[in-house]
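Just dropping this structure here.
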Amino acid sequence: MTAIILVVAAFLLLLPFVYESRNLMILLTQVFVFSIFAMSYDLLLGFTGIVSFGHAMFFGIGAYSIGIFMKRFEPTLGYFLLAVMTTLALTAIVSFIVGLLTLRLKSHFYAMLTLSLSGLFLVLAEKWRSMTYGNDGFTFRVPEMFIDRTNFYLLCLFVMVAVFLILKRFTNSPLGRVLQAIRENEQRTESLGFHVLHYKIAASVVSGVLAGIAGILYAISLRFVNTSVFAMDITLDALLMTIIGGVGTLVGAIIGAGLIEFAHHWLTELAKDHVIFERWIIFFGIIYILVVMFFPKGIVGTLSTLTWKRKKQHAVKKEEKVAG
């Protein structure tokens, strides 16, 4: 698996230098951005067992942070880095407070409260017009190095790979193992002496910070931000990407992001030529249903299960031959 990931990463790294296609580069950039966001959500859902409907609040904080800084100050690399540091601090503080207030609740109670808190940020963005320009949003300039699409493509690719490696190490660490134990059986984990709330808050903070980084990259790719970054649709996209790719796999989040973004682009393009595809969301739903039917554990999860079963069958046959 690691070898395949390295080969794919090398291919994506070389792609803009051997195949010049502005549309493909923009599409892949969006895939990288939403892969980061989906992986941050997978840390909650797949590794901790937390379902959140308000994850878009951290995504929106990142988008508005970079937008406001670049709008009110010179679009220099220095102010960009300051905006990034501000986002990291804000998302860490907000996710810590939200986690402290909500993670004591269970299942759907927590999910609904996070949805409500995300709605508060949406209302704040709508009403604080002097800062956010309301529903209309605003455009902003970006540092000169990000104007070049190739440079920005490479930045997003680098950040996606870095986030994947960081989360891979994080989930395989002792802390990550405790999070997975909480996902499997929270009461038993607590009976072993672990303070479950502390570990959940730690996962919430890491997830929130990474979602904020995805929001920054998303806003830079558009050079525009409005209240849609706080919409529940953003969270639902992350949820679908995680489920389609495979919950608790990280790689699945990347594959899910790629499938959804390419399907969205493909169906939208078909709608230009064929009237039947104007209601592309219906076909998108059909694709999602088919994936869930044939890959109940997500694409990566189902393939991993099949591979494990084949290895087990092979081992059993080998033992039978030795015994015979």
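Please treat every number below as a calculation from the coordinates, not as lab data. Just so we're clear, the structure is a prediction, and the values are computed from it rather than from any experiment. For neighbour counting, all protein chains shown are included, and Cβ atoms are generated from backbone atoms with ideal geometry for every residue, glycine included.
Only loop residues by DSSP count here, and only those with at most 11 other Cβ atoms within 10 Å; note down the trypsin sites (Lys or Arg not before Pro) in region 117-177 that meet that.
Nothing satisfies the criteria.
Now, a different point. May I ask you to derive the relative contact order of region 183-262, considering only C-alpha pairs under 8 Å and at least 6 residues apart, and to give it as an integer percent?
Contact order relative to length: 14 percent.
Over the chain, with a Gaussian network built from C-alpha contacts below 10 Å, which listed residue (F284, F59, F170) shows the highest mean-square fluctuation?
F284
Still on this structure: Would you compute the Debye intensity of the chain from its alpha-carbon atoms alone, equal scatterers and no solvent, and pass along log10 I(q)/I(0) at q = 0.09, 0.10, 0.15 Å⁻¹ to two decimals?
Debye intensities relative to I(0), on a log10 scale: -0.50, -0.62, -1.32.
Check which residues have an amide H placed less than 5 Å from G137's amide H, if you skip close sequence neighbours.
Under 5 Å from the amide H of G137 lie the amide H atoms of T227, each far enough along the sequence or on another chain.
Would you mind putting 206-217, 114-125 in packing order, based on average other-beta-carbon counts within 10 Å, highest first?
Ranked by mean Cβ neighbours within 10 Å, highest first: 206-217, 114-125.
Express in nm, to one decimal, how much length is gained between I26 and I97 on full extension, taking 0.36 nm for each residue of separation and deducting their alpha carbon distance.
Gain on stretching I26 to I97: 22.0 nm.
A further question on this structure: Sorting D136, D237, D42 on the 10 Å Cβ count, fewest up front, what's the list?
Sorted ascending by nearby Cβ count, the order is D136, D237, D42.
Right, here's the next one. State, to one decimal in nm, how far the label point of L81 lies from the label point of H314, with both points 7 Å from Cα in the Cβ direction.
Each label point lies 7 Å from its Cα, and together they span 5.0 nm.
Moving to a separate point now. Out of region 183-275, which trypsin sites (Lys or Arg not before Pro) are coil in DSSP terms and have no more than 10 other C-beta atoms within 10 Å?
Passing both the DSSP loop test and the Cβ count: no residue.
Based on other C-beta atoms within 10 Å, arrange V292, V33, V7, V247 from fewest to most.
By the 10 Å Cβ count, ascending: V7, V292, V247, V33.
Only helices at least 30 Å long along their own axis, judged from Cα atoms, and with Kyte-Doolittle mean hydropathy of -0.5 or greater: name those in the chain from DSSP H.
22-48, 77-102, 107-127, 149-172, 196-222, 251-273
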